[in-house]
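Beneath this line is the structure, given in structure tokens, with notes to follow.
The values are calculated or read from the model by the stated rules, or taken from the named source; none is laboratory data. Everything quoted here is computed from the prediction, not taken from an experiment. Positions of Cβ are backbone-derived with ideal geometry, glycine not excepted, and every protein chain shown enters the neighbour counts.
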Amino acid sequence: MIWAVAAMVMRTSPRPVRLRDLFRTPHDYVMWAFFLWMAFATPPMWDTFNANKSFLVFYIATVNILTSRDRIEGFLWWWAAMILFICLLGVGVEFGFDPTNARDIVEGQMKGRLVLGMSIFNNPNALGHGIAPVIPMIYYLLFWRRSFAARVFVLALLPLPAFCLFLTESKGAYVTSAFALVGGLIFGRPRLVQIIMLVVAVNVGGAVLYRLPRMEVMRGGRASAKEEGIAGRVFAFRYGWDVYHRDTKGLGKDNFMRSIQRERKWGISPHSVYVQVGAELGATGLFLYLGILYFSMKSLCMASCGSEQEERIRRVLMGVFLAFCMSGWLITFTYRAHFFFQAGVVAAFHRLLLRKGRDETEIEPQPAGMLSLAGPCEPPSPSPLYCAPGRGLVGRRHGYLAMVTDVPSRMPGIRKDWNRLTVFDVVAMLAVNKAVLMVWSYIITHM
């Protein structure tokens, strides 16, 4: 944290950091509001704020250090490399390389499910969800529009995270990985391609998922009657639902397990980001937390990229974002550092494109026309990215089947120069909040 603050203060490009840089986008305001509400809902307020200030520093430093697309992409490269290192440690346990001394736990308490002897990954679900975003990340960082050699390297690398995920036998991690992979791959493609890929993913991917370890229990209509883990989650969801509706301020941060143990004589984790925030910080806390996710999603959807690198960053961030949103229903990742890093990278990307769109910094010259095998790219439809069939080799042979996503030559920026909270945003945030409550209620009544 000290090094992050030092790097932020010593920043010189595009200019030195200023106090105004703490509040430049809607992401910043809602993040500060969330931390202030957390402190208010968990007295003593100063002690709570002081105990959690490192997360806020992570966000602020990330936003103010990643001031160029090279820095952002470099950060994502390191992030993916760290996850792959965790995968390497996990697979190593299976083959006798066990520096974290996890083998005894795997064979004993975990009954064969992979864990690591680390505080953050001492649970198979935590390990599985921790590595879930890496496949869409390495696809766009190493495979998408890369050389043939890089693509071969990716195909050789993919079995590492896939096998590590398989060994965790985490149902939630399987679902999250599939959701992030499919969502990341279809993001930004033409509508017809999106529909085709979604249909194939639901039919083929669904059949594959049910063949994975411990997934057969999900076939039943009421899975909670067959699987103790799901029954425990439903119990926690129901308790959190009751607290959410009876306590305006919530139980206070980190008080969920203590409260449920005191009232129900059974200590259990909330097993969900949304349940934990709703129960501990009340309706206001949940609204602000979902607001952080909403503004991240809107930035990625409103981003207008003028280069392959910018589009690569956008798609990697969308894969990470989708993985976290799905994991939020299955595991308690509420206050993990990667959430605040994730929000910070998206906000930094938003600031970068906003500056370029407003011509506040020098924009690097882009090629006049970027060609692909399908021919010249034009944006003739509302789709963010679309390649019209042209004279390219594939285009001549296959016509409209040659719709390959490319990056059209356009000015980078944020569509409609969006950078402030509008009435539409408030309504949309309320709708997102309502949708989360509906899913929460549905899980309680139908699982």
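Which of the residues that make up region 123-138 are in contact with a Leu (Cβ under 7 Å, 6 or more places away or on another chain) and more than 14 Å from His338 (Cβ to Cβ)?
Across region 123-138, the qualifying residues are Pro124, Gly128, Ile135, Pro136, Ile138.
Can you pull out the residues in region 247-269 that are part of a loop (DSSP other than H, G, I, E, B) and either surrounded by fewer than 16 Cβ atoms within 10 Å (Cβ to Cβ) or touching an Asp or Glu at 6+ places or on another chain (Cβ under 8 Å) (or both)?
Thr248, Gly250, Leu251, Gly252, Lys253, Asp254, Asn255, Lys265, Trp266, Gly267, Ile268
Answer yes if at least one residue in region 137-155 is aliphatic (A, V, I, L, M), touching a Gly at 6+ places or on another chain (Cβ under 7 Å), at pLDDT 90 or above and more than 30 Å from Ser304 (Cα to Cα), and no otherwise.
Looking for residues that are aliphatic (A, V, I, L, M), touching a Gly at 6+ places or on another chain (Cβ under 7 Å), at pLDDT 90 or above and more than 30 Å from Ser304 (Cα to Cα), one finds none in region 137-155, hence no.
Quick one: count up the residues across region 144-175 that are of a type in the set (D, E, K, R) and buried (at least 21 other Cβ atoms within 10 Å of the Cβ).
Selection size over region 144-175: 1.
Kindly list, by first and then second residue, each pair from a residue in region 112-132 that is among the β-branched types (Val, Ile, Thr) to a residue that is in a loop (DSSP other than H, G, I, E, B) and surrounded by 19 or more Cβ atoms within 10 Å (Cβ to Cβ), limited to pairs with Cβ atoms under 6 Å and residues at least 6 apart or on different chains.
Val115/Ala102
Any chance you could count how many residues in region 280-300 are under 14 Å from the mean Cα position of the chain (by Cα) and closer than 15 Å to Ala431 by Cβ?
Of the residues in that region, 6 qualify.
Of all residues being hydrophobic (A, V, I, L, M, F, W, C) and buried (at least 23 other Cβ atoms within 10 Å of the Cβ) in region 301-321, which is farthest from the chain's Cα centre (by Cα)? Just the residue, please.
Restricting to residues being hydrophobic (A, V, I, L, M, F, W, C) and buried (at least 23 other Cβ atoms within 10 Å of the Cβ), the top hit is Cys305.
Could you identify the single residue in Thr42, Thr12 that is at negative phi, over 21 Å from the mean Cα position of the chain (by Cα), buried (at least 20 other Cβ atoms within 10 Å of the Cβ) and not assigned by TED's automatic domain parsing to the domain that holds Val154?
Every option except Thr42 fails the conditions.
For region 279-298, check the following and say yes or no: at least one residue is assigned to a helix (DSSP H, G or I), among the β-branched types (Val, Ile, Thr) and modelled with pLDDT of 95 or more.
So far as region 279-298 goes, yes, one or more of its residues are assigned to a helix (DSSP H, G or I), among the β-branched types (Val, Ile, Thr) and modelled with pLDDT of 95 or more.
When you go through Leu330, Leu352, Leu322, Leu317 one by one, which is the residue that is assigned by TED's automatic domain parsing to the domain that holds Asn433, outside any helix (DSSP H, G or I) and more than 21 Å from Met38 (Cβ to Cβ)?
Leu330
Can Gly206 be described as in the same structural domain as Leu114 (by TED's automatic domain parsing) and either at pLDDT below 80 or charged (D, E, K, R) (or both)?
Against the criterion (in the same structural domain as Leu114 (by TED's automatic domain parsing) and either at pLDDT below 80 or charged (D, E, K, R) (or both)), Gly206 qualifies.
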